[in-house]
Amino acid sequence: MPKSLSADIKNDIKSALLDGKDSMEVANRFGVTYATVNNYANKFFPNRQRGLGGRPMVVSAQTKRFIKLQVLQGQLKTAKEVHDKLTEPGYSISYTVSDKTVPMFCNFLFYGL
């Protein structure tokens, strides 16, 4: 049977999570596993919002909508134009990302995907 944590450690975990610390950081700090921290987090905060996970988006949804509108209106036609438009507001974006963005919008235009 696994040993239970002391009330002090449980309270410390709870306060660290309330302060916005990452579960992995809390686990390392108190010498418990990541799963233990998540189990206590689920017990202490049953309605907490969890991160979506995955790779963060390079281009925001709002910027994607703007670029899509520009493509639909015919103001942007090539990946180079999209890249130039994205680097204007200060995005640090590679040409490859903009190159992948244009076909996505073109598919939407022609196939309604």
Scan of segment 28-83 for residues that are in contact with a Phe, Trp or Tyr (Cβ under 6 Å, 6 or more places away or on another chain) and outside the structural domain of Thr96 (by TED's automatic domain parsing), ordered by number:
none
Does Val97 satisfy the criteria of being surrounded by 10 or more Cβ atoms within 10 Å (Cβ to Cβ), assigned to a helix (DSSP H, G or I) and at pLDDT 75 or above?
no
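I'd like the full set of residues that are in contact (Cβ under 8 Å) with a residue 40 or more places away in the chain and of a type in the set (A, V, I, L, M, F, W, C), limited to segment 49-84.
At the first step, the residues of segment 49-84 found to be in contact (Cβ under 8 Å) with a residue 40 or more places away in the chain are 59, 68.
Within segment 49-84, just Val59 meets the criteria.
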Boolean, Lys64 is basic (Lys, Arg), crowded, with 16+ Cβ neighbours inside 10 Å and either at pLDDT below 80 or under 30 Å from Lys21 (Cβ atoms) (or both):
no
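Does Asn47 satisfy the condition of being assigned to a loop (DSSP other than H, G, I, E, B) and polar (S, T, N, Q)?
Working: assigned to a loop (DSSP other than H, G, I, E, B): yes; polar (S, T, N, Q): yes.
Answer is yes for this residue.
Name every residue in segment 26-72 that is hydroxyl-bearing (Ser, Thr, Tyr) and more than 15 Å from the chain's Cα centre (by Cα), in order of residue number. Full working, then the answer.
So in segment 26-72, the residues hydroxyl-bearing (Ser, Thr, Tyr) come out as 33-34, 36, 40, 60, 63.
The answer is Thr33, Tyr34, Thr36, Tyr40, Thr63.
The values are calculated or read from the model by the stated rules, or taken from the named source; none is laboratory data. All values derive from a computational prediction rather than experimental measurement. Using ideal geometry, Cβ is built from the backbone for each residue, glycine included, and neighbour counts are taken over all protein chains shown.
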